Amino acid sequence: MNNKDFRLHIEEVKERFKTSKKISVDDFNEFYKEVFGDIKKGTVSWYIYELKKLGVIRNVSRGQYVLEVMEFEQSEEYIVITIDIIKSSKIDHRSFNLKLENHVKKLNEIINRKYEHNRTYSISQGDELQIIYPFKEGIGDMMMLTLSHLFPFIARYGISIGEMHDSLKMNSWEMNGPIFWNARDQLEKLKSASNYEGLIISGFNKADKISNNIIRLINRSLGKITDKQWEAIRYELSNQNLDETLRILGIGKSSYFERLDVSNLSYILSSFEAIFELMQIRRKIN
């Protein structure tokens, strides 16, 4: 054991918090006070920094940590998407609720048909919806499928990636844990959003920062998509029969693919794919 390990009492930290789902700064203050007696909070903050640097702990949210001792390759991770409709309070609530329920019903039908898992969106508090699904399919296809089915409603969204510490339920609003709190925290940071805005968090700061820079560019593209382009995107990502789609839209094949091209759908999906790939290796770059 080197001097740093001895000073930080790493093995004791692991033993003390091995069953803790989250460790707060106060928990560390209490632990090191028991070890050293009188100790300054600034010194404890430095110890926390050293523990993070050594890979003993990692952030899951502001001032909250977990031990980095799991074999992540053997544990399944999930994606939580929490969405809030912008300016919904300015719409007649009865009309809005009915329209949103219809949008989400159609969206869930597509999700059930398109993906192997049976996770679907659930609505809460009138204008918020949420889904949880395994960290396998990616993010972009689900996000664009969702936003295209919600249109003309404009949404802000929080995406969280991590392990789940609760049993799976069909209604994700009945579940709890850091992965849900983190997604919610991202939404809270976007209270003043007036157009498409989103944030992602995984607890790995460097990967999160890079990913959110990409999302910022994605959201600029989302804000430029026209009504007819959203319509084409919705049918394209729903895996509808092309001839049937053209008949419903009343356009030719060239016009259909032109709408998809001008919407920058391929750029948006590839950007989301870059985020997904980054999240797959995030532990190696932090």
Determine whether Arg184 is free of Cβ contacts under 8 Å to residues at least 40 places away in the same chain, surrounded by fewer than 22 Cβ atoms within 10 Å (Cβ to Cβ) and basic (Lys, Arg).
-> no
Among (1) within 18 Å of Ile179 (Cα to Cα); (2) modelled with pLDDT of 80 or more; (3) surrounded by fewer than 17 Cβ atoms within 10 Å (Cβ to Cβ), where does Phe72 come up short?
-> (2)
When you go through (1) in contact with a Phe, Trp or Tyr (Cβ under 7 Å, 6 or more places away or on another chain); (2) touching a residue at least 24 places away in the same chain (Cβ under 8 Å) one by one for Leu246, which number turns out not to apply?
-> (2)
Quick check: anything in segment 110-124 small (Gly, Ala, Ser), under 24 Å from Ile268 (Cα atoms) and surrounded by fewer than 18 Cβ atoms within 10 Å (Cβ to Cβ)?
-> no
How about segment 245-285: which of its residues are in a helix (DSSP H, G or I), exposed (fewer than 13 other Cβ atoms within 10 Å of the Cβ) and among the hydrophobic types (A, V, I, L, M, F, W, C)?
-> Ile248, Ile285
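The values are calculated or read from the model by the stated rules, or taken from the named source; none is laboratory data. Since this is a predicted model, take the numbers as computed values, not measurements. Reconstructed Cβ throughout: ideal geometry from the backbone, glycine too, with neighbour counts over all protein chains shown.
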